[in-house]
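Bear in mind these aren't lab numbers, they're just calculated from the coordinates by the rules spelled out. Small disclaimer: the values here were computed from a predicted structure and weren't measured. Glycine also receives a Cβ, built like all others from the backbone with ideal geometry; neighbour counts cover every protein chain displayed.
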Amino acid sequence: MAVKILIDSASDISQKEAKDLGVETIPLEVRFGDDEYLDGVTLLSEEFYEKLVESDVLPQTSQIPPYRFEKEFKKLCESGDEVVAITLSSKLSGTYLSAVDAAKKFEGKVYVVDSLNATIGERLLCQLALRKVKEGKSAAEIKAILDEEKKNINLIALVDTLEYLKKGGRISSAVAAVGSLLSIKPVIGVVDGEVKMVGKAMGSKKGNNLLCRLIEEKGIDFDMPYGIVWSGLSSAVMEKYLSDSAHIWKEHTSCVPTHIIGSTIGTHVGPGAVGVAFFGKK
């Protein structure tokens, strides 16, 4: 009997990465008007940002319904394996509740973890789960570990605008108004499962500096998973941030893991964002 890890596409783990890692993924749906796509399956990240630039219609995302989780759970449990399912924050989507509902039919076999995070924050939890699988932990033990360790994940990002978050209902119009000011670069974070604005700076350079300062204040546990994400058709924003933050990484790694944000989270942050996620020092 083995433990299988299932994670939704809001983690921005691509189909190829999932195969390499031995992880199962389940995609959220993204709509441009009447056209529906499966995040990371029928709509890849690069294609999404091309559509975002070209389309007059803003995309919308849909939570994963219970029946799709039930189908995945059934397939994974058929050989007697246990499942740990990791989902996008319950405060950002109903996907977690769908997974919990579906898991009722697989009591003692399927364990659902609310990541209280998104994109790379969710990814880090998956990476930790895989470590625990290799250590021989049971699904119940892994869930308990993840539920405790997720409290220590920090996700901080510099975004180009708050408009996408406002239109998606993830922040209020009053908070979004700050991001509309000339040259203001908002810094957001996932706090207790919700998106909050944690700072602002004049221009990209000061924004990168603020991002670095906030990270240094928290302190990175380099023995745990960490990494950087970015959004858009160009990785220039991420590369500039890597250059500005070299002092954070140089004594710990020669290669910082970087990943592109997919269509589910890209719908809400838009292009031109760069974010860092890590487990804080205890």
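How would you rank Asp20, Asp81, going from fewest to most other Cβ atoms within 10 Å of each one's own Cβ?
By the 10 Å Cβ count, ascending, the order reads Asp20, Asp81.
Once backbone amide H atoms are built at 1.01 Å from N, Val113 has Ala85, Ile86, Thr87 as its partners under 5 Å, excluding neighbours fewer than 5 places away on the same chain. Excluding same-chain neighbours fewer than eight residues apart, the aspartates and glutamates reachable from Lys75 by a Cα-Cα span under 17 Å are Asp8, Glu24, Asp101, Glu107. Across region 196-213, coupling constants 3J(HN,Hα) worked out from phi with the 6.51/-1.76/1.60 Karplus curve, θ = phi - 60°, read 10, 7, 10, x, 8, 8, 8, x, 5, 4, 5, x, 4, 5, 5, 4, 4, 5 Hz, and Gly and Pro carry x. Secondary-structure-derived ellipticity at 222 nm for the chain, considering helices only, amounts to -11500 deg cm²/dmol, per-run term -39500 (n - 2.57) for DSSP H runs with n ≥ 4. Close amide H pairs (under 5 Å, H built 1.01 Å from N) link Gly227 with Ala277, residues at least 5 positions away or on another chain. For region 1-160, the relative contact order is 24 percent, taking Cα pairs closer than 8 Å that sit 6 or more residues apart in sequence and dividing their mean separation by the residue count. Go ahead and run the numbers for FRET between Gln60 and Ala2, Cβ-Cβ distance against an R0 of 25 Å, rounding to 0.05. Efficiency computed from Cβ-Cβ geometry: 0.10.
Of all DSSP-defined beta bridges confined to the chain, some 65% are antiparallel rather than parallel.
Fewest first, what order do Lys282, Lys205, Lys143 take by the number of other Cβ atoms within 10 Å?
So the ranking, lowest neighbour count to highest, is Lys282, Lys205, Lys143.
Here the residues Trp249, Trp230, ranked from fewest to most Cβ neighbours within 10 Å of their Cβ, fall in the order Trp249, Trp230. Across Ser115, Ser245, Ser79, mean-square fluctuation computed from a Gaussian network of the chain (C-alpha pairs under 10 Å connected) peaks at Ser79. Between Leu97 and Cys255, the distance separating the two model label sites (each 7 Å from Cα on the Cα→Cβ line) works out to 4.3 nm.
Under a Gaussian network description of the chain, with springs only between Cα atoms under 10 Å, the residue in Glu122, Glu29, Glu54 that fluctuates furthest is Glu54.
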